[in-house]
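Q: Structure below; questions to follow.
The values are calculated or read from the model by the stated rules, or taken from the named source; none is laboratory data. These numbers were taken from a predicted model, which means no experiment stands behind them. As a convention, Cβ positions derive from the backbone with ideal geometry for all residues, glycine included, and neighbour counts pool all protein chains shown. Ligands, DNA and RNA are excluded from the accessible area calculation, which covers all protein heavy atoms including side chains. Shrake-Rupley method; radii C 1.70, N 1.55, O 1.52, S 1.80 Å.
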Amino acid sequence: EAACNVSTPACAAVFCGLTSEWVIAYMISRELFYFLKFNIWVWWGTGWMIYHGTRLIEDDFGLVRIATLLLIGVAPLTVGSWGYFQRLRVLWEASSLVKGDQEKYNRLYEKLLEEQGDELTALAEEVADSRRRLVQAPPGLDDQIRHLMPSKPDIKPEGGGEFSRLPSAASAHSQETGETTPASMSALHPSSLRLLSFANSGHVTPEFVKSLDQMYNQAVMLDFYMRKKVQQWAERSRGMFPSHSSGFHGGGLISWTEAQEDLSLLGEIRFGKLKSPSRAIEKALRCYKNDVSRVVDICRQSIGFESVSALRDCLHHVVIDPEVGVRRLVNRLDPKYDAASTSGYRDVKVNLIIRNRATETLGLDRHVCEVQLITREFYENKTAEGHQRYVQLRNMRSE
């Protein structure tokens, strides 16, 4: 009897602790593993209490204790199961939100597959071949795509001191591009340059970037070089860019070749903006367990194409560019790709780094950017309302 008096509150404490652990872990990670782990503990504890409680059946008070112990085990199981199935319900409702958009994109892809099936097959082969040339992570690091601390450039100090390379940043840019230093660089405070330029001074083994501020300092400066690159690739592959008059999502595209000949069209082109800090924080917390180095689409651009063959041509130019190191290729136009995770939307996503004397001097050569290659059909069918539904879906999935 004394043992039972001790075991009852002890078991209650154990199961309350397990319940709290499961609820917190499940809310953070959303993984089924924690749900199964919790159930195993509950059923083990329930069985233990039944086995040891049978000794108390000799009197009515013992039966009450057994019922109490069983309740302690079953109640958390019931609450946990309710929470799990509630989440399944929310996910089902989230999928229902974008069902119409998914059906629309599926019809677009079926038409594209019917009209340009051979080109889609050739694109899949091009991507498979290009993946063999991907830039691998440095030794000692995993294969996940992340921002690395900038490498120390191989240049001689101009005036000695720890930050001697900073005065050469503008001259390096001018020598690289033949243009004056962009406003995005000159507007940065010297402390920002110091943060992104020599953050890895003295480090032998590459490290991951841990500061979101540093990543945005890099992205602001790298955006200039990124725009120059996508302009080069668009010129070589008949690429197009979104227009200001088409709205933020979807709408018309302007040929880069035509825009170079017509200044009025050039002024209408709308290049991509940096990912908002709020979304970057949200993504790091929800998807990457607070690891900001895995948010690799802060600096981003997109190029549109009339055909899959033009898109494939552009991808080829990206991969063979001597100043580019491709880190990841995602071909959502592949017939084998399951587009349910993107609500039917399809494109080709390329994560890359830009390596030239200017980016190395400024400490930008390890910042990972993203380029989206999109066919005209998919781009022009994007709408602001559809994007809002996708954002709602993303929030309900906690992504």
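Q: Which of the residues that make up the range 361-399 are farther than 18 Å from residue 107 by Cα and of a type in the set (Val, Ile, Thr)?
A: Passing the criteria: 361, 368, 371, 391.
Q: Also, quick follow-up: Residue 382 fails exactly one of the following numbered conditions: (1) more than 25 Å from residue 207 (Cβ to Cβ); (2) surrounded by 22 or more Cβ atoms within 10 Å (Cβ to Cβ). What is the number of that condition?
A: Result: residue 382 fails condition (2) only.
Q: Go over the candidates 376, 366 one by one and state the one that is among the basic types (Lys, Arg) and either out of contact with any Gly (no Cβ under 9 Å at 6 or more places or on another chain) or surrounded by 18 or more Cβ atoms within 10 Å (Cβ to Cβ) (or both).
A: Result: 366 is the single residue among 376, 366 that is among the basic types (Lys, Arg) and either out of contact with any Gly (no Cβ under 9 Å at 6 or more places or on another chain) or surrounded by 18 or more Cβ atoms within 10 Å (Cβ to Cβ) (or both).
Q: Now a separate question. Among the residues of the range 279-336, count how many are crowded, with 19+ Cβ neighbours inside 10 Å and of a type in the set (Ser, Thr, Tyr).
A: Residues that pass the stated criteria total 2.
Q: Scan the range 300-321 residue by residue and report those that are in contact with a Leu (Cβ under 8 Å, 6 or more places away or on another chain) and among the polar types (S, T, N, Q).
A: 302
Q: Then there is this: Tally time: how many residues in the range 322-347 are farther than 26 Å from residue 148 by Cα and free of Cβ contacts under 8 Å to residues at least 60 places away in the same chain?
A: Adding up the residues that qualify gives 6.
Q: Kindly indicate whether residue 305 is closer than 30 Å to residue 111 by Cβ and at pLDDT 95 or above.
A: Criteria met by residue 305.
Q: Looking for whichever is without any contact (Cβ under 8 Å) to a residue 60 or more places away in the chain, assigned to a helix (DSSP H, G or I) and of a type in the set (Lys, Arg) here; the options are 286, 279. Which one fits?
A: 279
Q: So how many residues does the range 300-309 have that are in contact with a strand residue (DSSP E or B) (Cβ under 9 Å, 6 or more places away or on another chain) and part of a helix (DSSP H, G or I)?
A: Within the range 300-309, residues that are in contact with a strand residue (DSSP E or B) (Cβ under 9 Å, 6 or more places away or on another chain) and part of a helix (DSSP H, G or I) number 1.
Q: OK, next. Give the range 258-276 a look and list any residue that's open to solvent by 50 Å² or more (accessible area, probe 1.4 Å), part of a loop (DSSP other than H, G, I, E, B) and over 29 Å from residue 210 (Cβ atoms), or say none.
A: Residues satisfying the conditions are 262, 267, 268.
Q: Please indicate, with yes or no, whether at least one residue in the range 225-248 is β-branched (Val, Ile, Thr) and either on the phi > 0 side of the Ramachandran plot or modelled with pLDDT of 95 or more (or both).
A: Among the residues of the range 225-248, at least one is β-branched (Val, Ile, Thr) and either on the phi > 0 side of the Ramachandran plot or modelled with pLDDT of 95 or more (or both), which makes the answer yes.
Q: Could you please find all residues in the range 130-150 being open to solvent by 50 Å² or more (accessible area, probe 1.4 Å) and either at pLDDT 85 or above or over 24 Å from residue 337 (Cα atoms) (or both)? Spell out the reasoning first.
A: If we filter the range 130-150 for residues that are open to solvent by 50 Å² or more (accessible area, probe 1.4 Å), which is where we start, we get 131-133, 136, 139-140, 142-144.
Across the range 130-150, the qualifying residues are 139, 140, 142.
Q: Restricting the search to the range 86-121, which residues are of a type in the set (A, V, I, L, M, F, W, C) and in a helix (DSSP H, G or I)?
A: The answer is 88, 90, 91, 92, 94, 97, 108, 112, 113, 120.
Q: What about residue 350, is it buried (at least 19 other Cβ atoms within 10 Å of the Cβ), free of Cβ contacts under 8 Å to residues at least 40 places away in the same chain and touching a helix residue (DSSP H, G or I) at 6+ places or on another chain (Cβ under 9 Å)?
A: Considered against the rule, which asks whether it is buried (at least 19 other Cβ atoms within 10 Å of the Cβ), free of Cβ contacts under 8 Å to residues at least 40 places away in the same chain and touching a helix residue (DSSP H, G or I) at 6+ places or on another chain (Cβ under 9 Å), residue 350 comes out as yes.
Q: Oh, and also: Filter the strands (runs of 3 or more DSSP E) completely within the range 313-399 down to those with at least 1 residues that are among the basic types (Lys, Arg). Steps first, please.
A: On the way: elements: 324-331, 348-354, 369-375.
Output list reads 324-331, 348-354.
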